[in-house]
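Computed from the coordinates by the stated procedures, all read-outs in this text should not be read as laboratory data. Treat the numbers as computed from the prediction; the structure is a model and nothing was measured. As a convention, Cβ positions derive from the backbone with ideal geometry for all residues, glycine included, and neighbour counts pool all protein chains shown.
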Amino acid sequence: MPDKWPSAGDLMTARPVTLPSDAPISRALGLMRTRGVHEIPVLERSRLRGMVTFEAIARRASLALSTKVEHLLVLPPLITSETSYPEVAESLLAAGLRGAPVVGRRGELLGVVSRTDLVRALPGIPALVRPRTPAVEELASPASALVREDDLCRNLVNQVRLLEEHPMPVVDRKGRLVGAVGIRDLGKVLWRPVTPGKRDPLAATTALDVKVSSIMHTPPLTVPLGTDVATAARLMSREKVSSVFVVEDGRPVRILAQSDLLGYIVSRGRGRPGRGRVEDVYVEITGLRGSNDPMLFADIDHLVARGLRRITRSVRPLLLTLHFAPHATHRTSDLTVEARLHTDNGIFYASHTGWNLMAGVAGLLDELEAQTRRTREAKIQRGRRRSKPVPSDESSAEDPELEAKLRRLGRDEA
């Protein structure tokens with residue numbers, strides 16, 4: 001681990017684009033489109049009031065474009081210029097934001113630090129690339145949500161949150177990757193101006209009734225299995241994208257997004273010596289946003305806390321990621337839950353498919369506990385073998401002089 005992590009002040013963009021609190025949504029959308037940003041700080045008399053995000057606007061697309069941005073403000077995490085690199089990553093992950101403002105002691109806006117800034121710095125930080133840089137498949141999320149090129153853009157509106165995290169792969173009828181569609185692509189048709197005039201009610205269509213193939217960007221950025229994370233991060237920074245697709249035989253199998261890299265940063269930033277506690281483990285849950293069950297996350301949290309207590313007997317857990325992927329094409333309510341556990345002794349994986357969500361989470365934690373226990377026992381056995389003295393066999397020791405004396409005595413007796 002380096003003596004000192006980079007700070008938010010080292011990475012931030014100074015003098016970022018801002019908006020007054022009484023600015024209309026149309027102005028915010030125009031700045032986001034021209035500047036290529038997803039969040040804009042909102043000021044009132046040079047004081048930070050919050051941020052307006054593309055997701056917040058997209059989720060309320062029915063609002064008039066003259067609506068003031070102050071009605072859609074999001075409270076960002078508190079980041080100062082001294083906030084360390086791993087702490088910035090954790091704050092962005094917890095808030096679900098691509099960027100956050102950096103404020104001074106008096107609450108004044110100093111700049112904005114984004115996921116892109118963190119990913120750009122990743123290959124140059126020794127603690128993240130040594131002694132071994134993980135391969136992309138070790139950190140990437142499964143490519144469970146695919147878009148057909150002949151699907152309508154209307155269907156993408158229900159997946160705005162996923163699009164905000166990373167572009168979705170677009171495949172043809174044979175499942176081969178042909179493009180990608182992200183939140184910026186959807187914005188091209190979400191607020192497309194409509195020409196006034198008479199229309200045939202029977203043939204009335206909207207801007208969202210167009211195929212995904214008409215707005216997707218191509219070719220998508222891909223990497224093969226086995227590519228190291230540092231190389232993928234450099235590629236994402238150079239091409240100015242928020243994710244890369246991991247492909248096998250022309251088909252997308254996993255997606256390495258900026259959020260996956262931030263999770264890796266958090267896990268390495270928490271890798272300090274000492275005994276771990278369950279309270280210190282960062283838990284990230286994806287795929288369940290929008291659930292209408294208020295007790296679901298509480299039940300999952302209870303299971304996770306209980307499972308992590310057992311895991312701490314074998315290793316020190318640092319980061320646990322749970323990804324829920326419903327099987328939308330099945331007639332049943334099956335879903336797949338994938339877990340990735342970062343520890344001080346490596347990364348462990350588990351997967352479960354079934355209709356019972358809670359049973360799946362419990363089974364994943366049992367499997368992770370078994371894996372960490374076996375790893376600990378194997379490590380103990382290796383240590384015992386190293387410390388065990390090798391017995392010496394005196395009868396087999398080679399002594400040329402002694403052998404010669406024995407031969408002479410044998411000849412004399414004969």
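General remarks:
- For region 67-146, the relative contact order is 20 percent, taking Cα pairs closer than 8 Å that sit 6 or more residues apart in sequence and dividing their mean separation by the residue count.
- Taking other C-beta atoms within 10 angstrom as a stand-in for reagent exposure, D185, D260 fall in the order D185, D260, fewest first.
- Look at S259, S351 and count the other Cβ atoms within 10 Å of each Cβ; fewest to most, that gives S351, S259.
- Pairs exceeding 31 Å between alpha-carbon atoms, taken from K4/K68; K4/K188; K174/K240: K4/K68; K4/K188.
- Positive contributions from Lys and Arg (+1) and negative ones from Asp and Glu (-1), summed over other residues with Cβ under 13 Å from the Cβ of S21, come out at +2.
- This ranking places I380, I311, I265, I347 by how few other beta-carbon atoms lie within 10 Å of each, fewest first, which gives I380, I347, I311, I265.
- Entry note, region 8-124: relative contact order of 31 percent, from Cα contacts under 8 Å with a spacing of 6+ residues.
- Cβ crowding within 10 Å averaged over residues, with 301-309, 176-184 ranked highest first: 176-184, 301-309
- Among 18-30, 214-226, the peptide with the highest mean count of other Cβ atoms within 10 Å heads the list, and the full ranking is 18-30, 214-226.
- Note on region 8-124: Cα convex hull, mean projected area over all directions, 7.1 nm².
- Each peptide in 244-255, 73-84 gets a packing score, the mean of other Cβ atoms within 10 Å over its residues, and the list from highest to lowest is 244-255, 73-84.
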